[in-house]
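Asker: This is the structure I have questions about; it appears just below.
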Number of protein chains: 4
Amino acid sequence: MKKKDLLKNVIKHIDITSFDSTPIIDSMREMSFTSRDTATATDILIRMLKDKGCSVILTLAGSTSAGGCMQLYHDMVKYNMVDAIVATGASIVDMDFFEALGYKHYKGDPYMNDKVLRDNYIDRIYDTYIDEEQLQACDATIKQIADKLEKRPYSSREFIWEMGKYLKSGKAKKKNSLIQICYEKNVPIFCPAFTDSSAGFGLVMHQVENPKKHMSIDSVKDFLELTQVKIKAGETGLFMIGGGVPKNFTQDTVICAEVMGIDVPMHKYAVQITVADVRDGACSSSTLKEASSWGKVDTVYEQMVYAEATSVLPLIVSYAYHSGIWKNRKSRNFSKIF
Amino acid sequence: MKKKDLLKNVIKHIDITSFDSTPIIDSMREMSFTSRDTATATDILIRMLKDKGCSVILTLAGSTSAGGCMQLYHDMVKYNMVDAIVATGASIVDMDFFEALGYKHYKGDPYMNDKVLRDNYIDRIYDTYIDEEQLQACDATIKQIADKLEKRPYSSREFIWEMGKYLKSGKAKKKNSLIQICYEKNVPIFCPAFTDSSAGFGLVMHQVENPKKHMSIDSVKDFLELTQVKIKAGETGLFMIGGGVPKNFTQDTVICAEVMGIDVPMHKYAVQITVADVRDGACSSSTLKEASSWGKVDTVYEQMVYAEATSVLPLIVSYAYHSGIWKNRKSRNFSKIF
Amino acid sequence: MKKKDLLKNVIKHIDITSFDSTPIIDSMREMSFTSRDTATATDILIRMLKDKGCSVILTLAGSTSAGGCMQLYHDMVKYNMVDAIVATGASIVDMDFFEALGYKHYKGDPYMNDKVLRDNYIDRIYDTYIDEEQLQACDATIKQIADKLEKRPYSSREFIWEMGKYLKSGKAKKKNSLIQICYEKNVPIFCPAFTDSSAGFGLVMHQVENPKKHMSIDSVKDFLELTQVKIKAGETGLFMIGGGVPKNFTQDTVICAEVMGIDVPMHKYAVQITVADVRDGACSSSTLKEASSWGKVDTVYEQMVYAEATSVLPLIVSYAYHSGIWKNRKSRNFSKIF
Amino acid sequence: MKKKDLLKNVIKHIDITSFDSTPIIDSMREMSFTSRDTATATDILIRMLKDKGCSVILTLAGSTSAGGCMQLYHDMVKYNMVDAIVATGASIVDMDFFEALGYKHYKGDPYMNDKVLRDNYIDRIYDTYIDEEQLQACDATIKQIADKLEKRPYSSREFIWEMGKYLKSGKAKKKNSLIQICYEKNVPIFCPAFTDSSAGFGLVMHQVENPKKHMSIDSVKDFLELTQVKIKAGETGLFMIGGGVPKNFTQDTVICAEVMGIDVPMHKYAVQITVADVRDGACSSSTLKEASSWGKVDTVYEQMVYAEATSVLPLIVSYAYHSGIWKNRKSRNFSKIF
């Protein structure tokens, strides 16, 4: 099988403005199990957006950006539903920046022989394919950006801001990337494990070529800056896709502010969509009630939705979009703090 | 807390004709993970319905009927998308017949103290409440029906047909039950573990009061009759909600026909929606590919959707309804075989 | 690939008397997550066995008998740890009776091409193979037994007792089957969905060949008889492997006795080993706390263990065996009630 | 309820030298499902240890260190079974360093009211409690260590080496911490998301108090150093507990070396113990076969074990210990590279 035959069907990202899920969510509110949980999660998102004093933090883990939700996250920022983002490096670099550079994700087969893929330099995420040669071009671009920066420690937020500037300067082949809209709308993006992504390869090359003096990624600075966002924000709502480091890192800002001697409220609203099983004692699966024992998340408005996110997220966000609530929200411009 | 305060919010069943999921499924077809699987499952359902030679068997396990999908199953029969049903006893008796008698399911709290519920004679299914006193009235009705029947072994299909006749005779407080529409449209319903439900209580009472001569439920007859449906049908598609006995029993009809010396095709199409994990070696979670090793299910058109059914099923069936494909299907009237 | 090469490595059943898990369980008691749950489950089993007034009911769903736990269940009966069994038909007929007739299960590959298996008449359960031709011989034996019986409705318990008698009469090629030891020790076995197994094929053939007058399987009688066991037993403990119909059926006996006007205690102890996810609203996954809202299971001594059973069950039962507690238990001989 | 009553029962870490799991694993090898997978994983670990050319990398995510496996990881290093570790910050700082300072984890109740815990400054991980005031003392110690260091970017490995030095200098209240044994035996520990842990709080305080000039954690350096370990090691085996960033980061070193122009072999052996579900497209759950499409992991010797790790890990490692294979292994002393 030839590479071009394997990479034939492009993943298209769902446009949540093109259909209106309102009647579906309204029906699900009166049902049980995951459908009602989905409606409750939607209602909590609406509450976050209505609450004038509340800033919304989106956290992303997993591969939903590759899997068709990239435009959805862009639209949440465009339509003023998100004030800060905490994500895995892969979501931001390998997926969003990658497509901004003009590359694509492809529909694949979860039962494909992985040796055939390996021979064709195709990477697989369950049922989705990536051209590894294009990923390497993405790595190289990261290196180029790093090479031009002042040699000092950067937070991931600072570096991602530079990526946005790069795209905005005319280098973007696709306009509506999450990185670029966040750059334009002053929504900071944090990747607490930034190096654990395609960016890592580019940045390692930068350091290898500049062994004595080079830029670095300071994850302590990330934590400090995200806590400063929390302090500035006051009340917050979390909209979490998957768990992982982004979930834990964001929840921890409440404690971090406390450690810094500044009293901030617990996260007031929290929604998480995940299939992780609570019984394994890992953070991805830990309930929002459990988080309240740590003083991180308040328990009045919280909902976990037990679903693979691509199946329910479009319904939730389409509902929020069509509610029009976002029209009355003010931009926080948190990027301007720094 | 008082019982009437706990049983306040009635579960309402979703009406898949009231909204059109077509643009959502069309978008999901171009995405990844569960969203694409949902679209593929929908496309396979459409294929089943388009295929003139193919009969559709719906299998039901779990509590989706209680949880808001009862009208949806009714509508699949009404709009000619289903030719036979194999279900757990609970789906048919405790849920569908129960509501046909005028009783309701209620929205509940998964974190409720179960002692409080016990004290109020309220039964809980995750986040759904049932009034146990009403369930007992349902048991008693089953006994009444049994008491009037000739004393002999019945297949569950025969007994459920009697339940449909009972409802049709003016006893139904709610017209659109699955049992009644199936009775009217000659769609047979099989419950291979019929006694494992509210029906069991009524039937045990019938036998206790009639120790010498009583009706009984012959599950061998069920298997024979369902196999006769398969033989009559020829080509078949399976639309499976959950796994359990209904899944296995229905798949096994191919082998049963073979054992009877009659060559029938494997199930040609198969869709299953489940969250069961394939790695535990149980039938609920066994893949449709695995079933093909048994000669039960063909593997060309098969899709497992990894989701709690209430979240994706309304999208799938709304799409099928709005496709209008069902308008060209002929009724099979399989009940008339017997 | 040839059949004999695919069916080369026989599954061997673990012998829990051959090693002593006591120090492992004792260590796990002081840990967290599934390890502590495993120890707690073990401790509850020990309590059941120590409690002079308590009868123990084992429920079986899934394929653990095929997967190496067949000897373990036999030993639980042999060493007086189990007083009644409620199981899926597959566990009892396709697996236990099948091996009693001298056939074997084989180690297989979960990634095997199922078409190759199909062509060789090999059935697959995840990573385990079965020779379909041997299964058909098993079906035929069931038919032989049925053919010789009086033509009337039987509970599955009655029929399985006949299977035990058949094996005991010299037909067993392997002595230590669960069916035979239960026959010898008067431990009744119930399969509420008996026909949903290899037995179904044999029994259908019996009815097809004897259309006018034949034996049948009356699942109402099963429910009545199991409830009579519960009434006779008084206090009970449940040791549940997987969920499914056996779990629900057994729990329901408390309600069934109540419906019959006889007051029996809720199941006093309950252990369940399962990987089913509580959030899907199905019975297999429903928590034991949820069951208490139905008045089925008391909540003082209950533990769910989140594990695929073959991994933890040998540790639990080896501990119980080496405790020697069973030496002081009296046989209940529940089969003699009937 | 008072704090001291809630924090009464200390978690004790399992001692895999105190019992011998050999007969259990030997039995499981002949069974099915998770038991056989556990035996296969054990056999692959043994292969890694026997293979003279192979270095072993342990990756840790989740809370197994808190949950009773802390001594087990220590023993793997002590008995020369591990040559490098990649872990979450929580495993190393909140759990291991925390106990090295003399603090404890406690047995808790997963159903506890989290408000009561919050009021008592008790943090909960499923069924395990932590005294938050002790965690804060741990944070403060991290800050003390940071304050004394030269003001420059550090890899997490460098900082954790300083933590080992601190403990070794007489500050350890408990001798057998993972950090200390790794310090002594020159086994490097990497935490690619180091700040996402209790360490984050201490390091943020360090930077806040030293705004102009401070130490920082450079995650690019981590990636470079871990890749240098991979280059030095040549052939490698991965022993992975959970998934998350440690899994992905470690697998990526193969690609990173390639990007640096150095040809290294794929990871030759791979074992992962996880309950994450493959169908959600996240890295934690991605199969080792999928990783081979990325050119990261070879597929000849790989096994995923579907289990919560505390239940099977003690069996696997006890087997490896009692095999004595480790006696012939040479220390790699990878810490000395730097």
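Asker: Quick one: work out the % antiparallel among DSSP beta bridges in chain A, nearest 5. Don't skip to the answer; put the middle values down first.
Answerer: On the way: 7 of 34 bridges.
Percent antiparallel among DSSP bridges in chain A is about 20.
Asker: Along Cα-to-Cβ, 7 Å out, sits the label point; list in nm, shortest first, how far the one on residue C:50 is from those in the other copies.
Answerer: Ordered by distance, the counterparts are at 4.4, 5.5, 6.6 nm.
Asker: Something else: Cross-link partners among aspartates and glutamates for residue C:185, C-alpha distance below 16 Å, same-chain residues fewer than 8 apart left out?
Answerer: Cα-Cα hits under 16 Å: C:75, C:83, C:158, C:162.
Asker: Grab the other residues whose beta carbon is less than 14 angstrom from that of residue A:13, score K and R as +1, D and E as -1, and report the net. Don't skip to the answer; put the middle values down first.
Answerer: Numbers: positive: A:12, A:78, A:104, A:107, A:174, A:175, B:29, B:36; negative: A:15, A:75, A:96, A:99, B:26, B:30.
Counting the neighbours of residue A:13, the net charge comes to +2.
Asker: Rounded to the nearest 100 Å², what's the accessible area chains B and A bury against each other, both chains counted, probe 1.4 Å? Don't jump to the answer; show the numbers that get you there.
Answerer: Details: alone 15020 and 15020 Å², together 26680 Å².
For B against A, buried area totals roughly 3400 Å².
Asker: Just tell me how shielded A:76-89 is by partners: mean number of partner chain Cβ atoms within 10 Å of each residue's Cβ, no decimals.
Answerer: Partner Cβ neighbours, averaged per residue: 1.
Asker: Sort A:304, B:81, C:266 by heavy-atom solvent-accessible area, probe 1.4 angstrom, most to least. Intermediate values should be presented prior to the final figure.
Answerer: On the way: A:304 35, B:81 0, C:266 60 Å².
Putting A:304, B:81, C:266 in descending order of accessible area: C:266, A:304, B:81.
Asker: What percentage of the solvent-accessible surface of the range D:201-249, computed with a 1.4 Å probe over protein heavy atoms, is contributed by carbon and sulfur atoms?
Answerer: Values: 710 of 1330 Å².
Using a 1.4 Å probe with all protein chains present, the range D:201-249 comes out at 53 percent carbon and sulfur.
Asker: Shielding by partners for B:107-114, please: the mean number of other protein chain Cβ atoms within 10 Å of each residue's Cβ. Write down the numbers at each step before the final one.
Answerer: Numbers: counts 5, 2, 0, 8, 2, 3, 3, 11.
Mean shielding by partner chains, rounded to a whole number: 4.
Asker: Give me the compactness ratio for chain C, meaning the Cα radius of gyration over 2.2 N^0.38 Å. Walk me through the intermediate numbers first.
Answerer: Working: Rg = 19.7 Å, N = 338, 2.2 N^0.38 = 20.1 Å.
That ratio works out to 0.98.
Asker: Counting only protein chains, not ligands or nucleic acids, how are C:44, A:325 ordered by accessible area (probe 1.4 Å), most first?
Answerer: Working: C:44 10, A:325 30 Å².
Sorted descending by solvent-accessible area, the residues read A:325, C:44.
Asker: Another question, then. Excluding residue B:221 itself, calculate the net charge of residues whose Cβ lies under 11 Å from the Cβ of residue B:221, where each Lys or Arg counts +1 and each Asp or Glu counts -1. All intermediate terms of the calculation are to be shown ahead of the outcome.
Answerer: Values: positive: B:152, B:157; negative: B:158, B:218, B:222, B:225, C:218.
Neighbour charge sum, excluding residue B:221 itself: -3.
Asker: Pull up all non-local amide H partners of residue A:84: gap of 5 or more, or a different chain, and H-to-H distance under 5 Å with H placed in the peptide plane.
Answerer: Result for residue A:84 returns A:56, A:58.
Asker: Give me the net charge for the shell around residue A:262: Cβ to Cβ below 11 angstrom, other residues only, Lys and Arg +1, Asp and Glu -1. List each step's numbers first, then the result.
Answerer: On the way: positive: A:230, A:232; negative: A:258, A:263.
Once positives and negatives cancel, what remains is 0.
Asker: Summing -39500 (n - 2.57) over the DSSP H runs of n ≥ 4 in the protein assembly as shown and dividing by its residue number, what mean residue ellipticity at 222 nm do you reach, to the nearest 500 deg cm²/dmol?
Answerer: Details: 56 runs with 568 residues, N = 1352.
The helix-only estimate for the protein assembly as shown comes to -12500 deg cm²/dmol at 222 nm.
Asker: For the range C:292-305, what does the Karplus curve 6.51 cos²θ - 1.76 cosθ + 1.60, with θ = phi - 60°, yield as ³J(HN,Hα) per residue in whole Hz, taken in order and with x for Gly and Pro?
Answerer: Rounded to whole hertz, the list is 6, 5, 8, x, 9, 10, 6, 10, 6, 10, 9, 8, 9, 10.
Asker: Can you pull the percent of the range D:1-80's accessible area that's carbon plus sulfur, 1.4 Å probe, other chains left in place? Could you put the intermediate results ahead of the total?
Answerer: Working: 1200 of 2510 Å².
So the carbon and sulfur contribution to the accessible surface is 48 percent.
Asker: If you don't mind, there's one more thing I want to ask. Can you check what the Kirkwood hydrodynamic radius comes to for the protein assembly as shown, Cα pairs only, in Å to one decimal?
Answerer: Values: mean 1/r = 0.0314 Å⁻¹.
The answer is 31.9 Å.
Asker: Could you give the size of the charge dipole of chain B about its Cα centre, using +1 on the Cβ of each K and R and -1 on the Cβ of each D and E, expressed in debye and rounded to the nearest 20? Show your work: numbers first, answer last.
Answerer: On the way: 43 positive and 42 negative charges, 232 e Å.
Using only the charged Cβ atoms, the result is roughly 1120 debye.
Asker: What are the aspartates and glutamates whose alpha-carbon lies under 12 Å from the alpha-carbon of residue B:168, with same-chain residues fewer than 8 places away excluded?
Answerer: Those aspartates and glutamates meeting the cut-off are B:184.
Asker: Also, I was wondering about something else. Report in % the part of the accessible area of the range C:130-194 that belongs to carbon and sulfur, leaving out ligands and nucleic acids; probe 1.4 Å.
Answerer: On the way: 1200 of 2440 Å².
Heavy-atom surface of the range C:130-194 belonging to carbon and sulfur, 1.4 Å probe: 49 percent.
Asker: Shortest first and in nm with one decimal, please list how far the residue B:26 label point sits from its counterparts in the other copies (point 7 Å along Cα→Cβ).
Answerer: For residue B:26, the inter-copy label distances come out at 2.2, 6.5, 6.9 nm.
Asker: Now, a different point. Roughly what % antiparallel, to the nearest 5, for the DSSP beta bridges in the protein assembly as shown? Working shown, then result.
Answerer: Details: 30 of 138 bridges.
Of all bridge pairs located within the protein assembly as shown, approximately 20 percent are antiparallel.
Asker: One decimal, nm, shortest first: give the distances between the label point of residue D:119 and those of the same position in the other copies, each label point 7 Å from Cα along Cα→Cβ.
Answerer: For residue D:119, the other copies' label points sit at 2.0, 6.7, 7.0 nm, shortest first.
Asker: Suppose all protein chains stay in the model; what accessible area per residue would a 1.4 Å probe give for the protein assembly as shown, in Å²? Display every interim value, and only then the final one.
Answerer: On the way: 41670 Å² over 1352 residues.
With all protein chains present, the protein assembly as shown gives 31 Å² per residue.
Asker: Per residue of A:126-138, what is the mean number of Cβ atoms on other protein chains within 10 angstrom of that residue's Cβ?
Answerer: On the way: counts 12, 8, 5, 2, 2, 0, 4, 0, 0, 2, 3, 0, 0.
Taking all residues of A:126-138 together, the mean is 3.
Asker: A further question on this structure: Averaged over every viewing direction, what's the projected area of the C-alpha convex hull for the range D:1-48? Give it in nm², one decimal, please. Each step should come with its number before you reach the end.
Answerer: Numbers: hull surface 23.3 nm².
With every direction weighted equally, the projected area is 5.8 nm².
Asker: Separate question: Name the chain B residue nearest the rotation axis between B and D, going by Cβ position, and give the distance in whole Å.
Answerer: Measuring from each Cβ to the axis, the minimum is at B:277, 3.
Asker: Oh, and also: Cut-off under 24 Å on the C-alpha distance; same-chain residues fewer than 8 positions from residue C:2 excluded. Which lysines are left, in chain and number order?
Answerer: B:289, B:296, C:12, C:104, C:107, C:115
Asker: Which residues' amide hydrogens lie under 5 Å from the amide hydrogen of residue A:21, considering only partners 5 or more residues apart or on another chain, with H built in the peptide plane?
Answerer: For residue A:21, the qualifying residues are A:319.
Asker: Does the range A:261-338 come out rounded, prolate or oblate by the C-alpha gyration tensor, with a ≥ b ≥ c the root eigenvalues, rounded set by a/c under 1.5 and, if not, prolate when a/b is larger than b/c and oblate if not?
Answerer: Values: a/c = 2.16, a/b = 1.12, b/c = 1.92.
In terms of gyration-tensor shape, oblate.
Asker: Using θ = phi - 60° and the Karplus form 6.51 cos²θ - 1.76 cosθ + 1.60, what ³J(HN,Hα) does each residue of the range C:250-266 get, whole Hz, x for Gly and Pro?
Answerer: 5, 4, 5, 4, 4, 5, 5, 4, 4, 4, 7, x, 10, 7, 10, x, 4
Asker: Along the range C:21-38, what does the Karplus equation 6.51 cos²θ - 1.76 cosθ + 1.60 (θ = phi - 60°) give for ³J(HN,Hα), rounded to whole Hz, x for Gly and Pro?
Answerer: With the stated coefficients, the range C:21-38 comes to 7, 3, x, 6, 4, 4, 6, 5, 4, 9, 9, 10, 6, 4, 5, 5, 4, 5 Hz.
Asker: Would you please give the residues with an amide H less than 5 Å from that of residue A:108, counting only those at least 5 places away or on a separate chain, with H modeled from the backbone geometry?
Answerer: Here A:128, A:129 satisfy the definition.
The values are calculated or read from the model by the stated rules, or taken from the named source; none is laboratory data. Since we're looking at a predicted model, the values are computed, not measured. With ideal geometry, Cβ positions are generated from the backbone for all residues, glycine too; neighbour counts draw on all protein chains shown. These area figures cover heavy atoms from the full protein model, side chains too; ligands, DNA and RNA do not enter into them. Shrake-Rupley method; radii C 1.70, N 1.55, O 1.52, S 1.80 Å.
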